[in-house]
Amino acid sequence: MALGATRGQVLAMMFRQAGTMTAAGIVLGIGGALLLTRSMTSLLFGVHAADPIVYTGAAALLALVALAAVAVPSSRATRIDPLLALREP
């Protein structure tokens with residue numbers, strides 16, 4: 001913001017970076033879960049090893065948590081005056 005970015009541009013950048021990391025984590029996590037659940041099929045009761053509802057629900061919950069984890073600090077950071085932030089040690 002000190003170099004001319006608007007509040008919306010800063011928020012968009014932060015959400016884009018967090019979204020990229022979240023998406024990569026969800027994809028890697030689902031891939032790892034699919035590999036691990038094949039070996040634990042006998043321990044799963046009432047759930048299939050590749051149940052899409054469970055994977056979708058878990059991915060959606062993790063995405064919402066990541067959204068909240070980015071939204072609160074980034075909105076606070078954009079409300080700070082850039083000149084004051086640069087002057088403080």
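The values are calculated or read from the model by the stated rules, or taken from the named source; none is laboratory data. All of these numbers come straight from a predicted model, not from anything done at the bench. Here the Cβ positions follow ideal geometry from the backbone for every residue, glycine too, while neighbour counts run over all protein chains shown.
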**Prompt:** Hey, among the residues in the stretch 1-29 that are within 25 Å of L83 (Cβ to Cβ) and of a type in the set (S, T, N, Q), which one's modelled with the highest pLDDT?
**Reply:** Q17
**Asked** Do we have V47 as in contact with a Phe, Trp or Tyr (Cβ under 7 Å, 6 or more places away or on another chain) and among the β-branched types (V, I, T) here?
**Response** no
